[in-house]
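Heads up, the thing below is written out as structure tokens.
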Amino acid sequence: MNVLLAIVTGGLFGAGVFMLLRRNPFRLIVGLALLANAINLLIFTAAGLTRARPPLIPTGAEIPPENMADPLPQALILTAIVISFGLLAFTIVLFSRTFETLKVNDFAEMKERDE
Amino acid sequence: MKPLLILPILLPLGFAALSLFFLHMRRVQRLLSVVGMTSLLVAALFLLQFVWRQGIGVVQIGDWPAPFGISLVADLFSAIMIVLAALMGLSVSIYSLADIDAPREGAGYHPLLHFLLMGVCGAFLTGDIFNLYVWFEVMLMASFALMALGGRRLQLEGSVKYVILSLIASSLFLSAVGILYGLTGTLNMADLVGRLSASPVHLVNTLAVLFLIAFGIKSALFPLFFWLPASYHTPPVPVSALFAGLLTKVGIYALIRVFTLLFNQEAGYTHSLILIVSGLTMITGILGAVAQNDFRRILSFNIISHSGYMIMGLGLFTPLALAGSVFYIIHHIIVITTLFLVSGVVRRLQGSLQLPEMGGLYAQAPWLSLIFLVAAFSLAGVPPLSGFWGKLILVQASLSAENYLIAATALMVGLLTLYSMSIVWGKAFWGTPPDGKAPVRILTIRESVPYYLPMAVLVLLTIGISVAAGPVLTLSTRTADQLLDPTAYVRAVLGEKP
């Protein structure tokens, strides 16, 4: 399972970076989204995978069972998802506004201009 | 003590929320903005006094004991940075009263300013590395909005570059945090100290370099600085002044924090790397500045170049060198913000910031010229101004560490800074304006006060630091000693555990 997830994470990272290197703004946004998901999986995998032992304390017990899944990475990922969602939304709006104003659809045509 | 540590986060949040209620009442917003920044500055000064007298202050949020909850930690370094942040916030909010137009104010300029300050203060205070990431994002979100606010063509172009590079830096930072958690099982910085020294060295070094790259993009170090001169000259002047003074310094703060507290095991490797980066940052930054023609771009390249000095002390990693870094940060934040604020008045007076289109400022505004001259000389390190003392400490530290190359670089870059500032002086302040230029504007008294008051105060502060270099050095030395002794930090956060 670890190996499989590592491969998936690596694949997502690769695809994300590839898309980031495109000249088209839309592809760049896809790249950012892929990268965000790759990182979520990275946090999940790096923290160690536990199968079918949810971090829940059974009724009546005082302490959680042995070897339960670590709930912290899940909390981290949840936070990261919310943040990356917000940032992505902002980026999309910014890009659509920018490229509407500039009337180009290619980063290479966005030349350095002075005022 | 508890409220003192939380106030620098709560005050900006409160005032930002409050001024959102008065979005269409300009007067109220402006009043709230200045009052909010003033109260933040007062709270910050109390915090600094508290930390100076009683040592490191810690608050466990929600009363969760240390490694489990989020800790807020204020040591001298954090407290100094918060005071500087509040001071810059106040200066910029006063300056904005004259320089920000009504549509921007109506779109929420002042609340965004406070949100930015909240993120910055949070990043300085947190003792948890994931929480640091969250504060970075708060700060970034506010800065994105501030940079794009107004939606002018040039501004949008700058924002796109800034946003993409910031997002990539954040991604790297978050990946590093994820791997760090996988390696150690904790995210509390104090708890990490012990666990990292028990971890395999090669993994720790890999992580250290990942953090170096992530924070290196944030603080615009060589070779990752290219986004800064492409974007910092595009937003309104008060915004770029605040960014110049604070944002890259948050990256520098994070670098110094992480590389004194967490990654100090293999100083021979990581800190030599930082030293090399610092030298290259200084040189490439200043060479870029010399080649520019836009006032604010010259200043932007100077930010990059002088970030090199701030991490030079970290790279040398001796008590004196680190004290030099802290001294340099205090000096640089004040001076570079002043210079950016000057550029705003220059634009109002001359209608342009392109050097070939400018001239005759000295005759037009002698006081402004004086402010620029003092700040520029201080930036270049002309004795007896504050930049001179900062460079002197750093050069002395590198000489006593027998690192002559970096000492020579630091001195040469100081000279080149003087050269780049003299280009601005010669063309904009002394030269004659080109023919056929529209008549220049004169500021009314009502406009002059909010423009000149913050600049005058900041310049007086620079001169104050120059005169009272001794006490400031004492403060920096104590800060450096605190930074170099992680055990005190760990004890303050985790309690008296072995």
Which one of these is within 14 Å of chain A (Cβ to nearest Cβ), at pLDDT 95 or above, on the phi < 0 side of the Ramachandran plot and open to solvent by 20 Å² or more (accessible area, probe 1.4 Å): B:Phe115, B:Phe68?
B:Phe115
What is the residue count in region B:167-194 for residues that are of a type in the set (S, T, N, Q), under 26 Å from the mean Cα position of the chain (by Cα) and either at the interface with chain A (Cβ under 9 Å from one of its Cβ atoms) or open to solvent by 10 Å² or more (accessible area, probe 1.4 Å) (or both)?
3
With respect to B:Gly122, determine if the residue is outside any helix (DSSP H, G or I) and open to solvent by less than 20 Å² (accessible area, probe 1.4 Å).
no
Could you figure out which of (1) modelled with pLDDT under 90; (2) assigned to a helix (DSSP H, G or I); (3) of a type outside the set (A, V, I, L, M, F, W, C) isn't true of A:Glu62?
(2)
Among the candidates B:Tyr362, B:Tyr328, single out the residue that is over 18 Å from the mean Cα position of the chain (by Cα) and more than 14 Å from chain A (Cβ to nearest Cβ).
B:Tyr362
Taking region B:218-229 on its own, how many of its residues are in a helix (DSSP H, G or I) and buried (at least 23 other Cβ atoms within 10 Å of the Cβ)?
3
Per the list (1) farther than 14 Å from B:Val160 by Cα; (2) open to solvent by less than 30 Å² (accessible area, probe 1.4 Å); (3) facing another protein chain (nearest Cβ under 7 Å), residue check on A:Leu32 breaks on (1)
Could you check region B:348-446 for helices (runs of 4 or more DSSP H) lying wholly inside it with 3 or more residues that are of a type outside the set (Phe, Trp, Tyr) and surrounded by 19 or more Cβ atoms within 10 Å (Cβ to Cβ)?
B:366-380, B:386-400, B:404-424
Residues that are exposed (fewer than 14 other Cβ atoms within 10 Å of the Cβ) and either in a helix (DSSP H, G or I) or among the small types (Gly, Ala, Ser) (or both), drawn from region B:1-19:
B:Lys2, B:Pro3, B:Ala17
Of the residues in region B:230-285, those that are outside any helix (DSSP H, G or I) and closer than 30 Å to B:Gly151 by Cα come to B:Tyr232, B:His233, B:Thr234, B:Pro235, B:Pro236
When the residues of region B:452-498 are narrowed to those that are open to solvent by 60 Å² or more (accessible area, probe 1.4 Å) and of a type in the set (Ser, Thr, Tyr), which ends up modelled with the lowest pLDDT?
B:Thr487
If you go through region B:84-119 one residue at a time, how many are touching a Phe, Trp or Tyr at 6+ places or on another chain (Cβ under 8 Å) and farther than 13 Å from B:Ala145 by Cβ?
6
Only one of (1) over 26 Å from B:Ser159 (Cβ atoms); (2) surrounded by 13 or more Cβ atoms within 10 Å (Cβ to Cβ); (3) within 11 Å of chain B (Cβ to nearest Cβ); (4) not aromatic (Phe, Trp, Tyr) is not met by A:Gln74, so which one is it?
(3)
One residue from A:Ile39, A:Ile7, A:Ile81, A:Ile43 being in a helix (DSSP H, G or I), surrounded by fewer than 19 Cβ atoms within 10 Å (Cβ to Cβ) and within 13 Å of chain B (Cβ to nearest Cβ):
A:Ile81
How many of the residues in region A:46-71 are more than 12 Å from chain B (Cβ to nearest Cβ) and surrounded by 12 or more Cβ atoms within 10 Å (Cβ to Cβ)?
8
Is it true that some residue in region B:129-136 is away from every other protein chain (no Cβ under 13 Å) and either open to solvent by 10 Å² or more (accessible area, probe 1.4 Å) or part of a helix (DSSP H, G or I) (or both)?
no
Filter region B:20-59 for residues that are part of a helix (DSSP H, G or I) and touching a strand residue (DSSP E or B) at 6+ places or on another chain (Cβ under 8 Å); the one that is nearest to B:His114 (Cα to Cα) is B:Leu47
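Conditions (1) touching a residue at least 60 places away in the same chain (Cβ under 8 Å); (2) under 16 Å from B:Met139 (Cα atoms), marked per residue:
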site	(1), (2)
B:Thr184	no, no
B:Asp191	yes, no
B:Pro200	no, no
B:Leu203	no, no
B:Ala208	yes, no
B:Ala214	no, yes
B:Ser231	yes, no
B:Gly251	no, yes
For residues that are more than 7 Å from every other protein chain (Cβ to nearest Cβ) and either crowded, with 21+ Cβ neighbours inside 10 Å or at pLDDT 90 or above (or both), tally how many sit in region B:142-154.
6
One residue is enough: does region B:260-277 have a residue meeting the conditions free of Cβ contacts under 8 Å to residues at least 12 places away in the same chain and of a type outside the set (Val, Ile, Thr)?
yes
Which of the residues spanning region B:277-291 are more than 17 Å from B:Gly381 (Cβ to Cβ) and either crowded, with 22+ Cβ neighbours inside 10 Å or within 19 Å of the chain's Cα centre (by Cα) (or both)?
B:Val277
B:Leu210 is checked against (1) facing another protein chain (nearest Cβ under 10 Å); (2) surrounded by fewer than 21 Cβ atoms within 10 Å (Cβ to Cβ); (3) of a type in the set (A, V, I, L, M, F, W, C); (4) closer than 25 Å to B:Ser71 by Cβ and fails just one. What number does that condition carry?
(1)
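The values are calculated or read from the model by the stated rules, or taken from the named source; none is laboratory data. Note that this is a predicted model, so its numbers are computed, not measured. Note that we place each Cβ from the backbone using ideal geometry, even for glycine, and neighbour counts take in every protein chain shown. Accessible surface is based on the protein model in full, side chains and every heavy atom, while ligands, DNA and RNA are left aside. Shrake-Rupley method; radii C 1.70, N 1.55, O 1.52, S 1.80 Å.
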